[in-house]
1. Among (1) in contact with a Gly (Cβ under 6 Å, 6 or more places away or on another chain); (2) more than 24 Å from Lys218 (Cβ to Cβ), there is one condition Gln398 misses while meeting the rest; what is its number?
2. Output the qualifying pairs, or none if there are none: Cβ atoms under 8 angstrom, residues six or more apart or on different chains, first residue in the stretch 185-211 and under 13 Å from Val324 (Cα atoms), second residue of a type in the set (S, T, N, Q) and surrounded by fewer than 19 Cβ atoms within 10 Å (Cβ to Cβ).
3. Got a number for residues in the stretch 158-171 being closer than 23 Å to Met232 by Cβ and either open to solvent by less than 20 Å² (accessible area, probe 1.4 Å) or under 21 Å from the mean Cα position of the chain (by Cα) (or both)?
4. Go through the residues of the stretch 51-58 one by one and say whether even a single one is of a type outside the set (Phe, Trp, Tyr) and open to solvent by less than 10 Å² (accessible area, probe 1.4 Å).
5. Where in the stretch 40-157 are there helices (runs of 4 or more DSSP H), lying fully within it, with 2 or more residues that are more than 23 Å from the chain's Cα centre (by Cα)?
6. Filter the stretch 324-350 down to the residues that are hydrophobic (A, V, I, L, M, F, W, C) and surrounded by 13 or more Cβ atoms within 10 Å (Cβ to Cβ) and list them by number.
7. In this structure, is Gly77 without any contact (Cβ under 8 Å) to a residue 60 or more places away in the chain, surrounded by 24 or more Cβ atoms within 10 Å (Cβ to Cβ) and at positive phi?
8. Restricting the search to the stretch 395-422, which residues are under 17 Å from Val337 (Cβ atoms) and aliphatic (A, V, I, L, M)?
Amino acid sequence: MKVLVIGGGGREHALAWKLAQSPKVQAVYVAPGNGGTALDPRLENVAIADLRQLRDWALKEKIALTVVGPEAPLAAGVVDDFRTHGLRIFGPTQAAAQLESSKAFAKAFMARHRIPTAEYEAFTDAAQAHAYVDRKGAPIVVKADGLAAGKGVVVAMTAAEAHEAIDFMLLDDKLGVSHNAGGARVVIEEFLQGEEASFIVLCDGRNTVPLATSQDHKRLRDGDQGPNTGGMGAYSPAPVVTPAVHARAMREIILPTLRGMEKDGIPYTGFLYAGLMIDAKGQPKTLEFNCRMGDPETQPIMMRLKSDLFDVMMAATGGTLDQVELEWDRRTALGVVMAAHGYPMDPRKGDTIRGLPKEAEDAMVFHAGTAAQGNATVTSGGRVLCVTALADSVKAAQQRAYEVVRGIQFDGAQYRRDIGHRAVKG
């Protein structure tokens, strides 16, 4: 069987790496892929960016299964198009992907179906948005309504920061947000206290299977300081998601979302990522939905998955997820992101990466912003690598991951030295 993974980041490298381990899979193609997928003899990059051309290529190559990694192709309707042409593809339709592509859609959906989330209002008018902040005060959260590659959120600890974010998102639009019809819009939410976790499930339209829990670190610098990023590291499992929290998240958030989408005539298929804020009483609220796996959460989760991902994806695209039970490595997986100089606002490209190790049973370097340049691998994006390790505890996984990180060099490399700090006991 031939499999196609759409995307070129660390998440896609991890998905392709896992799919290639299936004895049923003869070839895994990654479009467009990156420098790491180019180095792996089990994977082959496909240099096609246009989604219709990619669909024609998939038909010609008789691709048995396509898995969509990033949000942009989902928002562009790649699933609808592939399905129309008889291709089996895992991901939500364009209408269902609005749960991520429009924060205003997602918040209205949650309000309608009584899914716990922060109080909010949406604005297209900057003056009204400023007045709302003046009325509510800080801390407060300002979100760009559209796809912003994980960087369209400002947690404003002061009113001045909130006002600046509103102008930045509504008037300047320097984030390169893919806006929805009607132009720029922001969603302003109450600030929720607690601990964040990533709760990711597989959906086939009716049934759902949860993946291993995980937690990522959004801030650039140690101690959760500095600007928000797409994610500087992650680990799985997340101790904050206790069995009681897990049961609550399924009962109060995931299942009502699936039923609500079905009721609204938009059955949900694909990965569904609920970003949760868990308060001191163990009550989860939904910070956001993503319609794909998280990055960098995918890397530790794929390291722990023992089940055949190809079989799981075939069940998910065949409506038989109720027959699937996932098997997990009992060990902890922890991934440290190595980012480029200038990330997140102005990452530098073209720095040569040295010291990349061979894959090991307990450690894997997943590539994100890399490209092949002759015999060298160079930086080509903000988040460059995710160094991921497996060990018997968070502390041991941390030590193993950082041991590998220290062996890799490129000019201007940035990484946090405390990934997993919330889960390290003592």
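1. All conditions are met except number (2).
2. Asp204/Thr320; Asn207/Thr320
3. Of the residues in the stretch 158-171, 2 are closer than 23 Å to Met232 by Cβ and either open to solvent by less than 20 Å² (accessible area, probe 1.4 Å) or under 21 Å from the mean Cα position of the chain (by Cα) (or both).
4. Yes, that holds for at least one residue.
5. Details: elements: 51-61, 71-75, 78-84, 98-101, 103-112, 126-136.
Correct list: 51-61, 78-84, 103-112, 126-136.
6. Of the residues in the stretch 324-350, the ones hydrophobic (A, V, I, L, M, F, W, C) are 324, 326, 328, 333-334, 336-340, 345.
Listed by number, the residues that qualify are Val324, Leu326, Trp328, Ala333, Leu334, Val336, Val337, Met338, Ala339, Ala340.
7. Numbers: without any contact (Cβ under 8 Å) to a residue 60 or more places away in the chain: yes; surrounded by 24 or more Cβ atoms within 10 Å (Cβ to Cβ): no; at positive phi: yes.
In short, no.
8. Passing the criteria: Ala397, Ala401, Val404, Val405, Ile408, Ala413, Ile419.
The values are calculated or read from the model by the stated rules, or taken from the named source; none is laboratory data. Source: prediction; values computed, not measured. So basically every Cβ, Gly included, is an ideal-geometry build from the backbone, and we count neighbours across all protein chains shown. What goes into the accessible areas is simple: the full protein's heavy atoms, side chains included, and nothing from ligands, DNA or RNA. Shrake-Rupley method; radii C 1.70, N 1.55, O 1.52, S 1.80 Å.
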